[in-house]
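Structure record follows, encoded as structure tokens.
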Amino acid sequence: MPALELDSLTKTFDETRAADRVSLSVPRGSWTGLVGPNGAGKTTSLSMAVGLLRPDSGTARVLGVDVWAEPVEAKRRLGVLPDGLSLPERLTGGELLDYWGRLRGLDRDLTRDRSEEMLRILELDRAERNGTLIAEYSTGMRKKIGLATALLHTPEVLVLDEPYEAVDPVSARVLTAILRRYTDGGGTVIISSHVMALVERITDRVAIIADGRVLADGPLDLVRGDDPALEDTFVRLVGAREVGEGDLAWLGF
Amino acid sequence: MVGVLIRLESTLGRHGVSGTRGGTLALLVGGAALTWYVTVVASSAEVRSQLLMLLGAVWAGAWILGPTITNGVGVLRPQYFTLLPLERSQVGTGLWATAFVGVGPALTLVAMASTARHAWLSEPATLSLGLLGMLLSVVFMVSLSRLVFRALGAAMHTRVGMEIASVQWGLIVAGLFFGWAAIGPALSAAGDLAERGFPAPVVTVLAALPTSWPIAAVDAAASGAWGAAFGLLGAFTLLTAATVLATVRLLAPRVNARGRGRRSRPLGRRRSTRRLPLLPDGPLGAVVGKELRSWWRDPWRALELRSALYAGLFIGLFGLMADRPWITLSAGVFTALVMAMGGSNMYGHDGSALWLTVVGQGRDTVRADVRGRQIAIALLIVPGTLLLGLVSVLVSGEPGASPYVLAGLLVVLGVGNGLSVLLSVVAATPGVEPHLRVDANDTGDTRVQVWTSLIAIPPLSSPTIVVALLAGGWWAVPVALVNGAAGAWLLGRLAHRRLAARLPETFARIRYGGRVAERSLPRSGGDPLDLLERTALSTNEDTRPTGS
């Protein structure tokens, strides 16, 4: 049984088809990268997969549990980090994790131990000691506290939308190490990104999505085939706009 | 650059929703027509001058309150232009100039032209003074409007500023309601005004208002006192110039970092533990704790809470000053009523943070989210309203009214609490995302919630009202207790059931805006809550997508 299964997810906004029968199967214990140009439908597809956006048709299953038919059961197994959304801005990071632990029904001491450890590893402990509110966090710090909320209840499947965006290189290494630990322990990760090199370096599976459709999906080596780099595969499938000889001639001194 | 900004503003305006524009336009046209009508019907130059002074004050008042009450201003935010290689004062000047584009300033100019007509009718030689006065009045009012709006926004960055803004809001809200109480006597006197003008003390107060100075200048010149006329108009010119300068300064982009103002630890935070004592474990305790902290720390939430308290306080004071005990006695009930409206867009207020409730959905979490919010509001507002009620009984010298006050408080607190959380779910309207907010009304449009509260609270409280009228105050107290508790419980139940059934749809309303949300509702028919949600979608304006 796949850890996460997107089954013909379709969504139309106004006249635009943001996701067109998106189907994807993510095996247990794998680390999958969902790549695509801006506006390809990555966020829309993932939102439908985790219960944030009701699809026009199709559904998603987490370890066989239908997200739209049994949301409570499915969401218990899921950890989610959406991109660019608000948080309870007037709490500190620690207070947010405390709220989240209680809401998820975790034991008081367990929540405290886990959140203290996570704040320390994600280097948010100093902000916590200073009583820094989330409203005052930088974009990278917001990503990190978001990741902590996604992990707190040890979900079996993690869905992370652009987790590396705005995260500094040192923190990015920590983040990768955390996620590696998690997949080694049997967890499943799916991340979206438009940075090919990153996806190529850290994931073992990849799905390429453009114009709301999945163009390729499978183990990294298979998708890449004979192309020297994933970026070439991507450009081959999605197409690229070339800058012609005469274009932008004014960009020079 | 001014031309570019004006085009940008009109482009942005075209993409906006124009739900209220019709109403505003009707008010403006009506106001301009009334102003001209007055110059026709006034029996003498003296009466005409008095009436114009009054209308001038009303126009200025409308300019000051309008943008804050509606969501019209601030389409172009100063922060959009921070990165352009322009002097900050240039941006400020440009933004100030865009304020004069549109129907509002144009119709104000039409209305103020009545000053020129007044001058022409009084003494043709004073026409030039009248024309100058007309132009200055428009510049003064439009600039003052932006100044007040921006100052209120700037105030939201500090606690003291928030407190001042709360007092202002409280005064505005109390004034709006007290105005209704005063409207009866005013209407009965209106017939005489055109004939005989105002009594002397009113004239003295009116003449002292800056907006009256251009008219007073015309009057002085018409009577031959040209020195006084130039003095008055000169003073008004200086005042207008000062207002313009201050406005340009405030409209210039500010570059200080967010959150720099806070020196102390956040309220409700203990050094050793992250937990608020006495809160139970589990989802309900989680939500109550989060909500209490948010109400304490978020200036925009604190503004709702504190302006409700101030509004009650001012209503009490107005009642005392006007010697109307029944108005004084309604202070506590009034606070509860205003708070019911202030808490009626909590999910819009939280913005896209609702995602946590969606992905964290457990067996009981949605109910806990709604009930937790109700409990937090009750904990915050009940002590203050009870105190206001008690004090109002003491100072009004009407001890016999105490059961009525108590019954009123119990029922409005309960029904209002339930109604605000239900409206928060059904009519959720997004504002600027919480971490990007600048202005005092960035939290989302609540027009539908306010009107629904005003219309729905009396019938929902009718059992208490009927018993109070038929059987007397003490019989009404237990009825009010049951009425209030049942209201809070049942409306809260409706709210969490609706939210649980439409959790992703409510999130979509906030995340993707009205047009996406519309598609999840039946086009016509459905239950009353569907109807209410459709009304909110078509009436409340989205302030999306972001702030500055």
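Nothing in this text is a laboratory measurement; each read-out follows from the coordinates by a stated rule. Every value quoted in this text rests on a predicted model; they were computed, and no experiment measured them. Here the Cβ is made from the backbone with ideal geometry for all residues, glycine too, and neighbour counts use every protein chain on show.
Taking H as built 1.01 Å from N, whose amide H comes closer than 5 Å to the amide H of A:Val214, not counting residues under 5 places away?
Residues meeting the criterion, in which the H sits 1.01 Å from N, are A:Ser23.
Report the semi-axes of the equivalent ellipsoid for chain B in whole Å, largest first, where each axis is √(5λ) for an eigenvalue λ of the Cα gyration tensor.
On the way: eigenvalues 375, 187, 92 Å².
Semi-axes (√(5λ), whole Å): 43, 31, 21.
Which one of B:Val248, B:Leu423, B:Thr158 has its Cα pushed farthest toward the positive end of the charge dipole of chain B, where Lys and Arg give +1 and Asp and Glu give -1 at the Cβ?
B:Thr158
Taking B:Lys290 as the anchor, which lysines have their alpha carbon closer than 21 Å to its alpha carbon, excluding any fewer than eight residues away along the same chain?
Straight-distance partners of B:Lys290: A:Lys143, A:Lys144.
For the protein assembly as shown, what does the convex hull of the Cα positions come to per residue, in cubic angstrom? Don't jump to the answer; show the numbers that get you there.
Values: hull volume 157.5 nm³, N = 801.
Convex hull volume per residue, Cα atoms: 197 Å³.
Sort A:177-186, B:325-334 by packing, meaning the average of other beta carbons within 10 Å per residue, with the highest value first. Please report the intermediate quantities before stating the final value.
Numbers: A:177-186: 13.5, B:325-334: 23.9.
The densest-packed peptide leads the list: B:325-334, A:177-186.
To the nearest whole number, what is the average tally of beta carbon atoms from other chains within 10 Å of the beta carbons of peptide B:289-296? Intermediate values should be presented prior to the final figure.
Values: counts 5, 10, 2, 0, 7, 4, 1, 1.
Mean partner shielding for this stretch: 4.
Hey, got the dipole for the stretch A:86-154? About the Cα centre, +1 on K and R Cβ, -1 on D and E Cβ, debye to the nearest 20? Walk me through the numbers on the way to the answer.
Details: 12 positive and 12 negative charges, 35 e Å.
About 160 debye.
Sort B:237-248, A:100-111 for me by packing, meaning the mean count of neighbouring Cβ atoms within 10 Å per residue, highest on top.
Working: B:237-248: 17.4, A:100-111: 19.3.
Order by mean packing, descending: A:100-111, B:237-248.
In debye to the nearest 20, how big a dipole does chain A give about its Cα centre with +1 on each Lys and Arg Cβ and -1 on each Asp and Glu Cβ?
For this selection, approximately 720 debye.
Below 26 Å, Cα to Cα, which lysines can A:Lys11 reach? Residues fewer than 8 away in the same chain don't count.
A:Lys42, A:Lys75
So for the protein assembly as shown, taking the charge dipole from beta-carbon charges (+1 Lys/Arg, -1 Asp/Glu), which of B:Trp169, A:Leu119, B:Val218 sits furthest toward the positive end?
A:Leu119
Given 0.36 nm per residue, what is the gain on full extension from B:Val103 to B:Ser128 after removing their alpha carbon distance, in nm?
Working: separation 25, 0.36 × 25 = 9.00 nm, distance 2.49 nm.
Additional length available on full extension: 6.5 nm.
Efficiency by 1/(1 + (r/R0)^6): what FRET value for B:Ala200 and B:Val41, r their Cβ-Cβ distance, R0 = 22 Å, to the nearest 0.05? Show your work: numbers first, answer last.
Working: r = 22 Å, r/R0 = 0.99.
According to the calculation, E is roughly 0.50.
Please average, across the residues of A:45-55, the number of beta carbons from any other chain that are within 10 Å of each residue's own beta carbon, and give a whole number. Walk me through the intermediate numbers first.
Working: counts 0, 0, 7, 1, 0, 3, 7, 10, 8, 7, 1.
So the per-residue partner count for this stretch is 4.
Give me the inter-chain shielding for B:345-354: mean count of other chain Cβ atoms within 10 Å, whole number please.
Working: counts 0, 0, 0, 0, 0, 4, 4, 6, 6, 3.
Mean partner-chain Cβ count within 10 Å for B:345-354: 2.
Under a point spin-label approximation (7 Å from Cα along Cα-to-Cβ), what is the B:Ser223-A:Ser23 distance to one decimal in nm?
Each label point lies 7 Å from its Cα, and together they span 9.1 nm.
What does the charge dipole of the protein assembly as shown about its Cα centre add up to, to the nearest 20 debye, if the Cβ of each Lys and Arg holds +1 and the Cβ of each Asp and Glu holds -1?
On the way: 77 positive and 68 negative charges, 309 e Å.
The calculation lands at about 1480 debye.
Can you find, among B:Ser520, A:Ser193, A:Leu147, the residue sitting farthest towards the positive end of the charge dipole of the protein assembly as shown, where Lys and Arg contribute +1 and Asp and Glu -1 at Cβ?
The listed residue farthest towards the positive side: A:Leu147.
Per q in 0.12, 0.19, 0.26, 0.28 1/Å, what log10 I(q)/I(0) does a Debye calculation on the alpha-carbon atoms of the stretch A:86-154 return?
Relative scattering, expressed as log10 I(q)/I(0), comes to -0.25, -0.64, -1.22, -1.40.
Ranking request for peptides B:437-448, B:509-520, B:357-368: highest mean number of other beta-carbon atoms within 10 Å first, then the rest in descending order.
Averaged packing, sorted descending, gives the order B:437-448, B:357-368, B:509-520.
Normalised radius of gyration for chain A, please: alpha carbon Rg relative to 2.2 N^0.38 Å, two decimal places.
Values: Rg = 19.2 Å, N = 253, 2.2 N^0.38 = 18.0 Å.
After normalising by residue count via 2.2 N^0.38 Å, the value is 1.07.
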